[in-house]
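Below: one structure, written as structure tokens.
Just so you know, all these numbers are worked out from the coordinates, no wet-lab data involved. Small disclaimer: the values here were computed from a predicted structure and weren't measured. Methodologically, a virtual Cβ is constructed for each residue, glycine included, from the backbone with ideal geometry; neighbour enumeration extends over all protein chains shown.
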Amino acid sequence: MRFAISTAFLPADQLVAIARRADELGYHALTMPDHVMDLEELSTPYPYTPDGARRWGFDAEWPDPWVLIGALSTVTTSLRFFTSVYIPSTRNPFQVAKSVGTAAVLSGNRVALGIGIGWCREEFALMGQDFSTRGKRTDEAIALLKALWQPGWTEFHGDYYDAPRMVMEPSPSAPIPVYVGGLSEIAFARAARHQGWVGDLYTIEEAGRHAARLAEIRDEIGAEGDFSVITALTDAFLPEHFARAESLGVTDVWTMPWAYYFGTECTLEQRLEGLERFHADVVAPLTA
């Protein structure tokens with residue numbers, strides 16, 4: 001079982017210290033969410049709460065993930081980074097390829113791209129992108145990104161994006177894993193074609209069912225290679241709980257370790273202490 005530290009909604013000026021301590025302790029990864037702006041009024045309901053309300057307040061900070069990863073990679077040595085999740089269909093894919101590829105180069109290939117198709121229609125409108133075609137555009141954009149990350153000349157011709165013969169440097173020296181978020185069968189199928197799935201907040205048994213369904217789809221399409229099942233667990237507190245999740249197919253848990261000891265609203269010092277205590281209480285026993 002590997003553990004990723006979620007930076008969602010944290011003050012940006014705390015993230016360097018958190019990344020350094022997570023790296024020193026041997027956590028696997030740091031993960032960050034993505035929104036460009038937070039609109040006061042929305043007609044689009046948030047899909048991951050029963051009443052459609054957002055989980056965060058308007059004071060939540062949303063630093064650009066790729067600027068953040070580039071910065072944090074310079075103060076860490078082994079910590080990996082992935083987005084949970086980035087919305088490529090709200091952007092020009094050529095800029096996405098440049099940002100993600102540059103972060104991969106600067107970090108020494110410690111980057112994975114976690115993507116979703118997006119839920120906020122108003123954000124798409126402000127970014128000048130079509131909401132109704134976001135799924136198809138996401139699939140095509142991923143193919144374009146992988147082509148643009150290859151060294152040397154590349155060319156791409158799709159239904160939505162067209163790339164004449166070009167180079168985009170610097171190019172990563174290793175493939176960038178792509179993880180896919182979402183709970184629909186379409187999202188599961190999209191994830192199965194790539195390197196992993198990023199889930200939301202689930203019980204151990206729910207996460208195990210999702211892992212099993214993903215494994216079935218991968219078997220059906222003949223997918224090979226490593227595949228990550230990454231999610232948060234709402235009922236895992238002890239090492240044996242996480243071991244149970246791992247036995248059901250969960251490979252990675254993203255979490256805010258300080259929440260187990262101090263809650264989500266706490267000081268930087270408490271967050272750093274929470275990293276240390278959770279590592280001693282949970283991570284170390286699982287890897288002993």
Fill in: So G118, is it part of a strand (DSSP E or B), in contact with a Ser or Thr (Cβ under 7 Å, 6 or more places away or on another chain) and among the small types (G, A, S)
no
Worksheet entry | Lone qualifier among T231, T203 - being surrounded by 17 or more Cβ atoms within 10 Å (Cβ to Cβ) and either among the hydroxyl-bearing types (S, T, Y) or free of Cβ contacts under 8 Å to residues at least 12 places away in the same chain (or both) | T231
Practice prompt. Kindly indicate which of L72, L30 is under 13 Å from the mean Cα position of the chain (by Cα), buried (at least 23 other Cβ atoms within 10 Å of the Cβ) and either in contact (Cβ under 8 Å) with a residue 24 or more places away in the chain or not in a helix (DSSP H, G or I) (or both).
Written response: L30
Worksheet, complete the sentence: Inside the range 222-237, the number of residues satisfying the requirement of being of a type outside the set (S, T, Y) and either assigned to a strand (DSSP E or B) or under 14 Å from V180 (Cβ atoms) (or both) is 6
Item to complete: Output the residues belonging to the range 110-166 that are in contact (Cβ under 8 Å) with a residue 40 or more places away in the chain and in contact with a strand residue (DSSP E or B) (Cβ under 7 Å, 6 or more places away or on another chain).
Response: V111, A112, L113, G114, I115, G116, T138, I142, L144, L148, A163
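Conditions tested, residue by residue: (1) under 30 Å from W254 (Cβ atoms); (2) surrounded by fewer than 18 Cβ atoms within 10 Å (Cβ to Cβ); (3) not aliphatic (A, V, I, L, M).
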| position | (1), (2), (3) |
| --- | --- |
| A141 | yes, no, no |
| L145 | yes, no, no |
| W153 | no, yes, yes |
| H157 | no, yes, yes |
| P164 | no, yes, yes |
| A174 | yes, yes, no |
| V180 | yes, no, no |
Response to the item:
When every residue in the range 237-255 that is buried (at least 21 other Cβ atoms within 10 Å of the Cβ) and of a type in the set (A, V, I, L, M, F, W, C) is compared, the one nearest to the chain's Cα centre (by Cα) is W254
